[in-house]
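Read through the structure below, which is laid out as structure tokens, and then see the notes.
The values are calculated or read from the model by the stated rules, or taken from the named source; none is laboratory data. Values in this document were obtained by computation on a predicted structure and should not be read as measured data. Methodologically, a virtual Cβ is constructed for each residue, glycine included, from the backbone with ideal geometry; neighbour enumeration extends over all protein chains shown. Heavy atoms of the whole protein, side chains included, go into the accessibility calculation; ligands, DNA and RNA do not. Shrake-Rupley method; radii C 1.70, N 1.55, O 1.52, S 1.80 Å.
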Amino acid sequence: MNPFSPQVKSIEAFQRDLEPTIIAARNELVTAENFMAYKDNYSISKYMDDGKDLYSLHSRMFFFTELDTDHIREIYSERLIPLGFKLTEDHWTSGGVEIVDYMWINEEYHAVVSATTRLGEQTSTYYYTQGNPSDGSTSDPKQLIDQPGRIPDWFDPNLPPA
């Protein structure tokens, strides 16, 4: 056990306890009308650390045209902060473009929800966990639990990634 963090919740607990709320907030922000592109697919990877099997879940990254950073912060914060997430916010300029980066971090689940806006261009959002054990409640911890809305109803599965 890592002495610098509390006992980490399982990969299954993350999917049961937090992921439905993350998906609902994300689906409120990313819609058929503002969707631009996506990158990657949902996956759970397994690795060994100190002789223990650990898992990391990575979501698909969505790119969309919502540029109102206050709205993005409000939608995610009102849903995630009550679940134990803490918000960090960073602003900088790169190549003349202002960047606003939000990260909601939940230490208990080793979970992060990210939203990065390139003002005047686009926003990207995704979520992930890192270093979660399995609680044995599923036969294969690398198998994603079926989550309504994880893939939005409007999403075209034949669309190639960005």
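Structure values in brief
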item	result
Residue 50 accessible area, 1.4 Å probe, all protein chains in place, Å² to nearest 10	140 Å²
Fluctuation leader among 130, 143, 15 - the chain, Gaussian network, Cα springs under 10 angstrom	143
Contact order relative to length of the stretch 28-149, as percent, for alpha carbon pairs under 8 angstrom and 6 or more apart	27 percent
Cα shape, the stretch 1-66, gyration tensor, a/c 1.5 rule	prolate
Cα-centred dipole magnitude for the stretch 73-118, charges only on beta-carbon of K, R (+1) and D, E (-1), debye, nearest 20	100 debye
Net charge, residue 75 excluded, C-beta distance under 11 Å - Lys, Arg +1, Asp, Glu -1	-3
C-alpha long axis of helix 19-29 to longest principal axis of the chain, angle in °	0 degrees
Relative contact order (%) - criterion: Cα under 8 Å, at least six apart; region: the stretch 82-123	33 percent
Dipole in debye (nearest 20) - the chain, about Cα centre, beta carbon charges: Lys, Arg +1; Asp, Glu -1	360 debye
Cα gyration tensor category, rounded, prolate or oblate, for the stretch 76-162 with a/c compared to 1.5	oblate
Inter-site label distance for residue 130 and residue 103 at 7 Å from Cα along Cβ, in nm	0.7 nm
Packing-based order for 65-77, 103-115, using average beta carbon neighbours within 10 Å, highest first	103-115, 65-77
Length-normalised contact order for the stretch 39-79 - Cα pairs under 8 Å, 6+ apart - percent	34 percent
Solvent accessible area, Å² - residue 159, 1.4 Å probe, full protein context	60 Å²
